[in-house]
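All remarks here apply to the structure that follows.
Throughout, read-outs are computed from the coordinates displayed, never taken from laboratory work. Owing to the predicted nature of the structure, the values given are computational and were not obtained by experimental measurement. Please note: Cβ atoms are built from the backbone with ideal geometry, for glycine as well, and neighbour counts cover all protein chains shown.
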Amino acid sequence: MNVKINFINDYNAAGHPGIIGAVQAACRNKYVGYGLDEETEKAKHLIRKLIGNDNAQVHFLTGGTQTNMIALSAFLRPYEAVIAPKPAHILVHETGAIEAAGHKILIAGEEGGKIKPEDIRAIALQHENEHMVRPKLVFISQATEYGTVYSLDELTALRGVCDELGLLLYMDGARLAPALVSVGGNASICDIARLTDAFYMGGTKNGLLFGEALVINNTDIGEDFRYYMKQRGGLLAKGFLLGIQFGYALESGLYFDIPKQANATAALLTGGLRRLGCAFAVETCTNQVFPIIKNEFIPALERDFLFEIWERINETLSCIRLVTTWDTTGEQVNAFVSRYGELAGVL
């Protein structure tokens, strides 16, 4: 049996050994349910301390789609809409969860996976009366679906236009950890907490078994949030499993150590392919890489590697996505680069 090297996502391993060890150690104890235990309270305290906001609400949910759907449903009135960039996860990869909850997604911008203030302003001006949905929330991701990162200046500008237009700013942080430790990022987690109304810290794609930590900075939108969680199936009976994982990851520093390996191997992959003449759809600084390769190479690469065909560019070329994680090795990266080089006739 040919065991393929997995570059298809960053949650392809059960969990980092340190996280699994923390959960195993906790199995000796008994906890109350639904996130009302001491481990979860400790994790909440660590997050509030990390972001410098003692008044923030912190809620733990199991996955990104669930977190986005419950948060946006809670924050928006039935006739209010979301403004999001074209490749946004809620638009492309969440099976219409936001629309199923009754909220239209208005598409704006797509360059490098980002949205700009002028994109937001243009949409807001197009929706000016009660015969149309009312834009109320801007959805962004850090890192974006293209592995790019919003700078502090960009986030500050987005906060400015949201304040100008009376909009909420929400950040999907499924890959927040790689963004925070990336060479291209200069917005700290304190900056993010200060500039967003709510964001979440991803765990599923950062070495945890599962879990996301939703942080609500705007006290006006967090009322009765646990009721929304329960009604939408997000209040986990064994909520202590989420608290244990986040508490250990933050207290040990593992939450920020894990993505460093993912980013490092992604940079190694990018450098190796670039030296062989490979072009890229976008320049990234986190753990997603988007090389443009000949379609004829794909079947041969698929025999040994798992990856996603991101976009069919034309009859000759495609953009593929390669994702690295905490357990990606240099040997695995070199294997892909070498195979590509053989197919391209440069090795």
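For the chain, what does the helix formula give at 222 nm: sum of -39500 (n - 2.57) over DSSP H segments with n ≥ 4, over the residue count, nearest 500 deg cm²/dmol? Mind showing how you got there, number by number?
Working: 14 runs with 142 residues, N = 347.
Helix-only estimate at 222 nm: -12000 deg cm²/dmol.
Compute the signed sum of charges (Lys and Arg +1, Asp and Glu -1) over the other residues within less than 15 Å, Cβ to Cβ, of Lys42. Mind showing how you got there, number by number?
Working: positive: Lys44, Arg48, Lys49; negative: Asp37, Glu38, Glu39, Glu41, Asp54, Glu251.
Taking every other residue near Lys42 into account, the sum is -3.
Filter the cross-link list Lys44/Lys136; Lys44/Lys238; Lys44/Lys230 down to pairs whose alpha-carbon distance in this structure exceeds 22 Å. Don't jump to the answer; show the numbers that get you there.
Values: Lys44/Lys136 28 Å; Lys44/Lys238 16 Å; Lys44/Lys230 19 Å.
Over 22 Å Cα-Cα: Lys44/Lys136.
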Task: Residues of the stretch 259-288 with amide N under 19 Å of a point placed 7 Å along Cα→Cβ from Val346 - done: 266-284
Task: Length-normalised contact order of the chain in % [C-alpha pairs under 8 Å, at least 6 apart] - done: 24 percent
Task: the stretch 243-301, Rg to Rh (Cα coordinates; Rh as Kirkwood inverse mean 1/r) - done: 1.18
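Where does each of Glu38, Glu94, Glu145 land when they are ranked from fewest to most other beta-carbon atoms within 10 angstrom?
Details: Glu38 13, Glu94 19, Glu145 24.
Sorted ascending by nearby Cβ count, the order is Glu38, Glu94, Glu145.
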- [ ] First select every other residue whose beta carbon is under 13 angstrom from the beta carbon of Ala74; then total the charges, Lys and Arg +1, Asp and Glu -1.
- [x] 0
Task: Per-selection Kirkwood Rh - the stretch 39-160 (Cα, Å, 1 d.p.) - done: 15.8 Å
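Based on the Kirkwood radius over alpha-carbon pairs, what value in µm²/s does the Stokes-Einstein equation return for the translational diffusion coefficient of the stretch 53-104 at 4 °C and 1.567 mPa s? Can you show the working numbers first?
Values: Rh = 12.0 Å.
Translational diffusion coefficient: 108 µm²/s.
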Task: Proximal aspartates and glutamates relative to Lys104, as straight alpha-carbon distance under 15 Å, when same-chain residues fewer than 8 apart are discounted - done: Glu80, Glu94, Glu130
TODO: Classify the chain as rounded, prolate or oblate from the Cα gyration tensor: take a ≥ b ≥ c as the square roots of its eigenvalues, call it rounded if a/c is under 1.5, otherwise prolate when a/b beats b/c and oblate if not.
DONE: oblate
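What's the exposure ranking of Tyr146, Tyr228, going from fewest to most Cβ atoms within 10 Å? Walk me through the intermediate numbers first.
Details: Tyr146 22, Tyr228 19.
Ordered by Cβ neighbours within 10 Å, fewest first: Tyr228, Tyr146.
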Open item on the list: Once each part is reduced to its C-alpha centroid, what is the distance from the stretch 86-125 to the stretch 143-158 in angstrom?
Closed with: 15 Å
Open item on the list: Test of understanding: ordering Cys285, Cys27, Cys190 by Cβ neighbours within 10 Å, fewest first, what list do you get?
Closed with: Cys27, Cys190, Cys285
TODO: Might you report the magnitude of the Cβ-based charge dipole of the chain about its Cα centre, with Lys and Arg at +1 and Asp and Glu at -1, to the nearest 20 debye?
DONE: 620 debye
Open item on the list: Please check: in the Gaussian network model of the chain (C-alpha springs, under 10 Å), which one of Val149, Val181, Val133 has the largest mean-square fluctuation.
Closed with: Val133
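Which net charge results for the neighbourhood of Leu155, defined as the other residues with beta-carbon distances under 10 angstrom from its beta-carbon, given Lys and Arg at +1 and Asp and Glu at -1? Mind dumping the intermediate values first?
Numbers: positive: Arg159, Arg194; negative: Asp153, Glu154, Asp191.
Neighbourhood net charge equals -1.
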